[in-house]
Amino acid sequence: MATPAEWLAGARPRTLPAAVSPVLAGTGVAAYADGLVWWKALLALVVSLALQVAVNYANDYSDGIRGTDDERVGPMRLVGSRRATPRAVKTAAFLAFGVAGVAGLVLAATTAWWLVAVGLVSVVAAWYYTGGSKPYGYLGLGEVMVFVFFGLVAVVGTTYVQTETWLWPALYAAVGVGALACAILVVNNLRDIPTDTVAGKRTLAVVLGDERTRGLYLLLVLAAAAAVVAVAVSTTWWALVGLGFLAVALRGVRTVRSGATGPGLIPVLQQTGLAELLWAALVAAALVARG
């Protein structure tokens, strides 16, 4: 039976920057527009964190019952390692979805009820990433899901629930955060190309192949840098401090471009997650200071 520490590992804390970063960035834009509502920002953070944990457990469950994780290079998976039953992990996923749902309902009730539909679509997308009979994560569409839901929806949604209006800087920030969230998944799938190919999991990395996947990682980092400039042009030039994320991101780029494989790519996951968090924190700090 899995220990509490193993359950925590199953939630994959290293992916949490992908949940915190959108809320930081979106709240920074809201603050710049004089629309900061701290308790709504906190609820948005609960939604984002709970959805990230739910996705991680849902992937653990779905990949585990398919046997995709039987020969895994990365961190331990609960179902694949037989440390927890599929039913227990599935229950954990739906509990996390429930937490996200409750927080999301409060935001919808105090902002706009159409946000309920956005929340439902987000939950369905999270489950069918690796769940169901035809998971789209096995069809090379995982990066699209991450960009849309942990980039566009999460950042723009965080800004909207506080300001109740559309702001272009929120879209630019969403592109930056979403690009780095995708980069995390790209590295993960680059590492797993050999095992995913054997398991029949056609991720985007499997479709593109090793070399082009490495190029995609670089392209996403450059897109995140361009997004910092777009935010600065539409708000304040102080937002350019966000380019400080490159101090960490470029270390990951060097490792990826050097041809590292397998366990050699694991540090890049951590570096990319930290780069995403830095992107959001630095841009948000500038927007709050100059708002």
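Look at the dipole of the chain built from charges on Cβ: of V118, G252, P22, the Cα furthest out on the positive end belongs to G252.
Every pair of different Cα atoms in the chain enters the Kirkwood calculation, which places the hydrodynamic radius at 19.0 Å.
Here the chain is treated with +1 on each Lys and Arg Cβ and -1 on each Asp and Glu Cβ, and its dipole about the Cα centre works out to around 360 debye.
Among D34, D192, a tally of other beta-carbon atoms within 10 Å of each Cβ gives an order, fewest to most, of D34, D192. Among the trypsin sites (Lys or Arg not before Pro) within the stretch 79-129, those in coil by DSSP and having at most 15 neighbouring Cβ atoms inside 10 Å are R82.
Across the chain, where is the longest run that never hits chymotrypsin sites (Phe, Trp or Tyr not before Pro) in a DSSP loop with at most 15 other C-beta atoms within 10 Å? Longest gap between qualifying sites, sites excluded: 167-291.
As a length-normalised measure over Cα pairs under 8 Å and 6 or more apart, the relative contact order of the chain settles at 25 percent. Counted by neighbouring Cβ atoms within 10 Å, the residues V207, V116, V23 run from fewest to most as V207, V116, V23. Rounded, prolate or oblate, given the Cα gyration tensor of the stretch 98-151, with a/c below 1.5 counting as rounded? Prolate shape, in that a/c is at least 1.5 and a/b is the bigger ratio.
Using the alpha carbons alone, the radius of gyration of the stretch 108-243 stands to its Kirkwood radius in an Rg to Rh ratio of 1.04.
Between exposed GluC sites (Glu not before Pro) in the chain, where DSSP calls loop and at most 14 other Cβ atoms lie within 10 Å, what's the longest gap? Excluding the exposed sites themselves, the longest stretch runs over 165-291.
Computed from Cα positions, the angle between helix 168-191 and the longest principal axis of the chain comes to roughly 20 degrees. Quick check: the distance between the Cα centres of the stretch 158-182 and the stretch 192-241, to the nearest angstrom? For the stretch 158-182 versus the stretch 192-241, the Cα centre distance is 18 Å. In this simple spin-label model, placing a label point 7 Å from the Cα along the Cα-to-Cβ direction at both V198 and L105 gives a separation of 4.5 nm.
Can you tell me the 0 to 90 degree angle between the C-alpha axis of helix 266-290 and the longest principal axis of the chain, rounded to 10? Compared with the principal axis, the helix lies near 10 degrees. For the chain, the mean residue ellipticity at 222 nm estimated from helices alone is -23000 deg cm²/dmol, where every DSSP H run of n ≥ 4 contributes -39500 (n - 2.57) and the total is divided by all residues, rounded to the nearest 500. To the nearest ten degrees, helix 115-127 and the longest principal axis of the Cα atoms of the chain are 20 degrees apart. Across the stretch 133-141, rounded Karplus estimates of 3J(HN,Hα) from the backbone phi angles (6.51 cos²θ - 1.76 cosθ + 1.60, θ = phi - 60°) give 6, 10, x, 6, x, 8, 10, x, 10 Hz, Gly and Pro being marked x.
Values quoted throughout were computed directly from the atomic coordinates according to the rules given, and no laboratory measurement underlies them. Keep in mind that what you see is a predicted model, and the values were worked out from it rather than measured. Virtual Cβ from ideal backbone geometry, glycine too; neighbours counted across all protein chains shown.
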